[in-house]
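The values are calculated or read from the model by the stated rules, or taken from the named source; none is laboratory data. What you see is a predicted model, and the numbers here were worked out from it, not measured in a lab. Here Cβ is always computed from backbone atoms with ideal geometry, including for glycine, and neighbour counts include all displayed protein chains. Quick note on the areas: whole protein, heavy atoms, side chains included, nothing else; ligands and nucleic acids left out. Shrake-Rupley method; radii C 1.70, N 1.55, O 1.52, S 1.80 Å.
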Amino acid sequence: MKDAAAPSGTHSPLAQVAAYAVASTVSLLFLYPYWWMLVSAFRSTREMLSAPLRLLPERFDLSILSEIASIGGVGLWRYGLNSVAITCASTLLGVTVTALGAYALVRRPRLPGFSLLRYGFLITIMYPYMLLVIPVYLVMFKLGLLGSYAGIILFLALGPIQFFLFEQFFRAIPPEVIEAAVIDGASESQVLFKVVMPMAAPVVATVAIITFLLNWAQWFPILVISRTPDTYTLPVALLSMNGELGANFQGIMALSVITTLPMAVLFLIAQKRVMEGMAAGAVKG
């Protein structure tokens, strides 16, 4: 006799349609501001003020690109080059340092100062960036790094969130795996680079992507450490446009698109890797 009861976990077609409708509506609400910014990049300030909610531009006017080709006496290409160079260098340095630090802390937790170091990283997660103005300025001044690319890269390489992602993953590795490698005669560096790091490849990819996205959007420490616009990045240039072009909304929207579009594309491409790595690094811990 056939069982007429619906299998558990299934939903009626009406419920599925309602769920898709709600999800689509919420998605459109989140996407609309970005679409508005993209459309506004092709519209003059007068057109924006006359019809602010228009979904399509009156025409595709690219003349604004010539207006923002130079901001504060520095070419737009230089801001873009600074963004790419500073973000890549700080990401590479940050991932390397935090991975090595987290591994050392997990393998030798009883060494003097390691517990204090771990709590120090935890505090930096909760500490607002705005309160770091004076400490960052004084430290960079004492080190002679004010106004230099090295100072900006060193500061952005600090990653407490990345450190804890690595730490959680390393703690989840079964001790028997490392003990077997040690019994076979592997040194500490061989255990790290030939046993642990290949297993941590998804987390390394995740941390690299997260660090890249976070550092690309940074503007405050760069503004504090820089002495001239020559070391500014795209987000800092965007901030400085308020004084440079006044109320030129089209210029601000155009530069906002240039600043955010690469990161939006990168996230869409790598979002699956980010989710897998977060599960491997955080959930297992």
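Entry note, the range 82-219: relative contact order of 46 percent, from Cα contacts under 8 Å with a spacing of 6+ residues. Mean residue ellipticity at 222 nm, helices only, the chain: -21500 deg cm²/dmol; runs of at least 4 DSSP H residues each add -39,500 (n - 2.57), and the sum is divided by the number of residues.
Across the range 17-29, coupling constants 3J(HN,Hα) worked out from phi with the 6.51/-1.76/1.60 Karplus curve, θ = phi - 60°, read 4, 5, 5, 5, 5, 5, 5, 5, 5, 5, 4, 5, 5 Hz, and Gly and Pro carry x. Calculated on the alpha-carbon coordinates, the convex hull of the range 1-117 measures out at 319 cubic angstrom per residue. Shape call for the range 44-191 from the C-alpha gyration tensor, a ≥ b ≥ c root eigenvalues: rounded (a/c under 1.5), prolate (a/b greater than b/c) or oblate? Prolate shape, in that a/c is at least 1.5 and a/b is the bigger ratio. Measuring how big the range 109-247 is from its alpha-carbon positions, Rg and Dmax come out at 19.6, 68 Å. Scattering from the range 99-153 was approximated by placing one identical point on each alpha carbon and applying the Debye formula without solvent; log10 I(q)/I(0) at 0.21, 0.23, 0.27, 0.31 1/Å stands at -0.91, -0.94, -0.97, -1.06. Using the Karplus relation 6.51 cos²θ - 1.76 cosθ + 1.60 with θ = phi - 60°, the per-residue 3J(HN,Hα) values for the range 81-94 come to 5, 4, 4, 5, 5, 5, 5, 5, 5, 5, 5, 4, 5, x Hz, with x marking Gly and Pro. Each Lys and Arg adds +1 at its Cβ and each Asp and Glu adds -1 at its Cβ; summed about the Cα centre, the chain shows a dipole of about 260 debye. Across the chain, the relative contact order, built from alpha-carbon pairs under 8 Å that are at least six residues apart, equals 31 percent.
Across the range 147-158, computed HN-Hα scalar couplings (Karplus, 6.51 cos²θ - 1.76 cosθ + 1.60, θ = phi - 60°) run x, 10, 5, 4, x, 5, 5, 4, 5, 5, 6, 6 Hz from first to last residue, x flagging Gly and Pro.
The loop-placed chymotrypsin sites (Phe, Trp or Tyr not before Pro) in the range 1-106, going by DSSP, that have at most 16 neighbouring Cβ atoms within 10 Å of their Cβ come out as Phe60. Given R₀ = 51 Å, FRET efficiency for Ala172-Phe141 by Cβ-Cβ distance, to 0.05? Computed FRET efficiency for Ala172 and Phe141 comes out at 0.80. Using a probe of 1.4 angstrom and keeping all protein chains present, the accessible surface of the chain works out to 59 square angstrom per residue.
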